[in-house]
1. Considering only the stretch 1-38, how many residues are part of a helix (DSSP H, G or I) and modelled with pLDDT of 85 or more?
2. Considering only the stretch 36-52, I want to know if a residue exists there that is touching a helix residue (DSSP H, G or I) at 6+ places or on another chain (Cβ under 6 Å) and touching a residue at least 24 places away in the same chain (Cβ under 8 Å).
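The values are calculated or read from the model by the stated rules, or taken from the named source; none is laboratory data. Please read all numbers here as calculations on a predicted model, not as lab measurements. Ideal geometry is used to build each Cβ from the backbone, glycine not excepted, and the neighbour counts take in all protein chains shown.
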Amino acid sequence: MSIQEDFRKKNKPVNVRALFDLVMGLIYAIVGAVLAVSKFIGLEIAFPPPDIITVFGIGAFVYGAFRIFRGVKSYKNPS
């Protein structure tokens, strides 16, 4: 094994897209969870009706879970 191959194995480039998907997925999931349970924890949001906020929160949580899944999949199998 040459020195260059050894260097490449030790210093693999970071998959920026996978990292971005993980971080943004975590943010979406946290915000979605807070919005989904907002009426149960006493968080009052004035403009949209509470039912719309709950549906949007569930949608944001599911999208965040998808982003996390895609980030993990991309991180494990970089192509």
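1. 22
2. Yes, the stretch 36-52 has at least one match.
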